[in-house]
1. Residues in segment 105-119: is at least one among the small types (G, A, S), away from ligand 2 (no atom under 15 Å from the Cβ), crowded, with 21+ Cβ neighbours inside 10 Å and assigned to a loop (DSSP other than H, G, I, E, B)?
2. Which one is surrounded by the most Cβ atoms within 10 Å (Cβ to Cβ) among residues in segment 71-84 that are touching a Lys or Arg at 6+ places or on another chain (Cβ under 9 Å) and free of Cβ contacts under 8 Å to residues at least 60 places away in the same chain?
3. Taking I179, is it β-branched (V, I, T), open to solvent by 20 Å² or more (accessible area, probe 1.4 Å) and touching a helix residue (DSSP H, G or I) at 6+ places or on another chain (Cβ under 7 Å)?
4. Go through segment 268-284 and give me each residue that's out of contact with any strand residue (DSSP E or B) (no Cβ under 9 Å at 6 or more places or on another chain) and not in a loop (DSSP other than H, G, I, E, B).
5. Looking at L70, is it within 31 Å of the chain's Cα centre (by Cα), closer than 25 Å to L304 by Cα, in a helix (DSSP H, G or I) and of a type outside the set (D, E)?
6. Going through segment 139-148 one residue at a time, which ones are open to solvent by 40 Å² or more (accessible area, probe 1.4 Å) and more than 28 Å from the chain's Cα centre (by Cα)?
7. Does any residue of segment 120-138 turn out to be under 21 Å from D259 (Cβ atoms), open to solvent by 10 Å² or more (accessible area, probe 1.4 Å) and either more than 16 Å from ligand 1 (Cβ to nearest atom) or at pLDDT below 95 (or both)?
Amino acid sequence: MTRTLKLDGIAFGGDYNPEQWPREVWEEDVRLMRRAGVNFITVSVFSWPLLEPEEGRFDFGWLDDVIELLHSNGIAVDLATATATPPAWLIRKFPEILPVTADGTHLEFGSRQAYCFSSPIFREYALRLTRAMAERYGQHPAVRLWHVSNEYGDHVSRCWCAASAEHFRGWLRAKYTSIGALNEAWGTSCWGQHYLDFEAIEPPRDSTGPINSTQRLDFERFSSDAMLELFTAEVAVLREVTPELPVTTNFMSILHDLDYFAFADAEDIVTDDAYPDPADPRAHIDASLNYALMRGAKDGAPWLLLEQSASAVSWRDVNVPKAPGVMRLDSYQALAHGADGVMYFQWRAAKFGPEKFHAAILGHRGEASRTFQECSALGAELKGLGALKGSRVVADVAMLLDWDSKWALAAPDSLPSNRLSWIGQARDWHRATFNLGVTVDLVRAGADWARYKVLMVPNLYLATPALAARLEAFAEAGGTVVVGAFSGVVDQNDHVYDGGAPGPLRPLLGVEVDEVWPLPDGDTGHIMMDGARHGFHTVSEWLDAADAQTVASYCGGELDGRPAVTVRRQGDGAAWYVSGCLADDGLRTLVRRILDESGVPVRTGAGPEIEVVVRRGVESSFTFVLNRSAVAVPVSLPDGADVLVGDSRQVSARGVLVVRHEHEAIVRVAADSAQLQAV
Ligand code: GAL
Ligand code: ZN
C-alpha cells in the first residue's frame, strides 16, 4: 500500500515546541504561522514526560488543544510519537536503560535520547506510548504524517551496555549459527581470540590495542540493525492502528552511522535534517551529495527537508549565521534536489536550554527578526510552486554507496592509512561532477542502475562477488563504471581476497594491485595525464595493468612511470580505475573526459557557485539555477518557458531562478567564469 503525504502545496513549517511557552503565546504563534505561510507543523518530538507524567497516566489535554488550534487555522500536523527522549521517572525506575560508551562510562540523564536502543524495557514503554498516541490522534484530520522518534542515533548510535551485549550475541547467533563459523569469519586464530561459545562474546569495548576488525564490522552492522528493529517495532504499531497514515523518521544527512537504505525501506517518506555550515564555502556542494542520498534512498521519490536552520545553529564551536539570501538558496537547493517541502528547526526561538541561541523562523526579536522576514517571504513564494510536487530529478550519473563497505573502511589502526574513507573519496568525486554542472544520484548496490550512463564507485573496499558481477553486467550493457583506489580489497568478512586487490573486480578492471602506498599527512604526489601534471593525495597504489589501457601514470617518487589511471573497454562500456586520490584539477579533467566519452553533457556556465538542477514532472520540467556568487549571472530561456521564481534575463547575486519548460528544452547559463570564485 502506498501511503503519501496529503498536503496542499509545498510543505512549509517546522518543529514547534508549545510546551516551552505559556498558552497566550500559542495564539500569537498560529497567527504568525499563517502570516508566514506555514502549512505543516511538527509537534511533540520531545514531549513524552508531559504526555505520560507518571507511569501509565497519560495527559493528552494540552496536545489536544495544540492540534486543534493548528487544525482550526488550516495547519496540518507532522505528529511525533514522542519516543525520542524518555522521562526522568522511567530512567530512575530502570537506570539500566541508560546507554554505555565503549570505555564503560554510563551516560546520565540531563540531555536527550538517554536510552539504549536495545533495551527491552525502553522498547516496551516506547511502544506503549506509540500505541496511545496512535489511538488518540490517528483519526484526527490534521494529522498527516507520523514522525517516529527523532534522528535515530543522533547522540547514541552505538551502545556497549549489558542489554546491547545480549542483543549483539543474539544477532551473532542468528547470523553464524555455530561458534565455529563465527571464529572463522572473525579470524580469531589471530592474536588468540578463539571463542568456545557465544556467551563469551562482548561488544567491541575499548581494549588493550586495535580491535578485531570483523568483530567491529559486525558490531556496526548490528547497531544499525538494532536501531532499525526499534524503528520497525514502532512502525508496526502505527500500521496496525493507523494503516492509512504515512510514516517517516528524520534522517541526519549523509554522515551518519545507520544504513539509511534499510531505514528508507521501512518508511513511507524519506525526510532529512540538513545543517550546512554557513562558515564552510563548500557546504552547499556537500549538501548536494546529501540530497542525492535522500533521493536515492527511495529510488528517486520526492522527500522532505524536515529540519534546517533559518540562520545559525547552536551546536558547533562557532555558530555563524546565514547571510541574507543564503537560507533561501539552501531551501531552493533542497527543492531542486527533489524535496517537496522545506521545514525548519524550529518555529520559535527558545528562551532557555541548550538551543536558546539556535535560530528559528521567529527569532527572539519576534516579527521584526530578519529570519521571520526572510522565512515569510519564502513561504509566500512557495505558494506558487505547487506544480513542482511529485516531479523527480533526472540524472545520468549515479554514485554507489554501500554501508557495509563504508563501515569496513572505517576500522581504526588496521588499514594502510587511517585517512582513507568512503566519504573523503566520494566528496572529491562528487565535487568534480558538481563543478561541471552534472547532477549525481546516490544509489545502493541492489538498485536498478539501467537508467544511468555512468556509475561512480569512489571506493568499494569491501566488494562481494555478487556486486562485482552486477558492475560487470552494467559495463557489458554499455555503461561506464569508474572505481576509486583501494577497492575490491576484502570480502564480506573483511578478509583480504586471494591474489589481493581488486579481488572480484579484477576481470572488470583488468588491473592488479601489488601494494598500497599511502601518503604521509600533508604530502602530495603527481601523475601525468595527457602531457599535464596533476596532484594526488592520501593514497596511491603499485599497479599492474596487464588487461587495461593506462590513461595516466605516476610521475616522480617511487611509483614513477607506473600506471595510475586505467581503462578497460568492453563493447560500448568501459571500466575505469583511479588508483590514487586525485586532487581537484586532475579529477575534474579526468571526470570531464569520462563524461564526454560516456555521452553525458556537462553544463556550461555551471560551477562551484552556480548550481543547475532539473526536475522532471509529468507535463513539464523545471530548471533551478542557484547562484551563490556575488555577481548576477545572465541566462537565456527556451521558447515558451514560464518563470516561476526570479527574473527571465539573469539570476541575481545570491539569487534563484525556477523555470518551467518543455521536457527537452534547456536553460542556458552564461556565467563568466573569470568573475566567479573557486571554492
Ligand atoms: C536536530 C534535532 C533538533 C534540533 C536541531 C538543532 O539534530 O533533531 O531537535 O536539536 O538538531 O540544529
Ligand atoms: Zn545498550
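1. no
2. N73
3. yes
4. A283
5. Yes; evaluated as a whole, the condition is true for this residue.
6. Q139, P141
7. Among the residues of segment 120-138, at least one is under 21 Å from D259 (Cβ atoms), open to solvent by 10 Å² or more (accessible area, probe 1.4 Å) and either more than 16 Å from ligand 1 (Cβ to nearest atom) or at pLDDT below 95 (or both), which makes the answer yes.
Residue-wise test of (1) buried (at least 18 other Cβ atoms within 10 Å of the Cβ); (2) in contact with a Ser or Thr (Cβ under 6 Å, 6 or more places away or on another chain); (3) of a type in the set (A, V, I, L, M, F, W, C).
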{"position": "V489", "(1), (2), (3)": "yes, no, yes"}
{"position": "P504", "(1), (2), (3)": "yes, no, no"}
{"position": "G510", "(1), (2), (3)": "yes, no, no"}
{"position": "D523", "(1), (2), (3)": "no, no, no"}
{"position": "G531", "(1), (2), (3)": "no, no, no"}
{"position": "H534", "(1), (2), (3)": "yes, no, no"}
{"position": "Y554", "(1), (2), (3)": "yes, no, no"}
{"position": "T566", "(1), (2), (3)": "yes, yes, no"}
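The values are calculated or read from the model by the stated rules, or taken from the named source; none is laboratory data. Everything numeric in this text was worked out from a predicted model, so none of it was measured. Every residue, glycine as well, gets a Cβ built from its backbone with ideal geometry; the counts of neighbours run over all protein chains shown. In case anyone asks, the SASA skips ligands and DNA or RNA and just uses the protein heavy atoms, side chains included. Shrake-Rupley method; radii C 1.70, N 1.55, O 1.52, S 1.80 Å.
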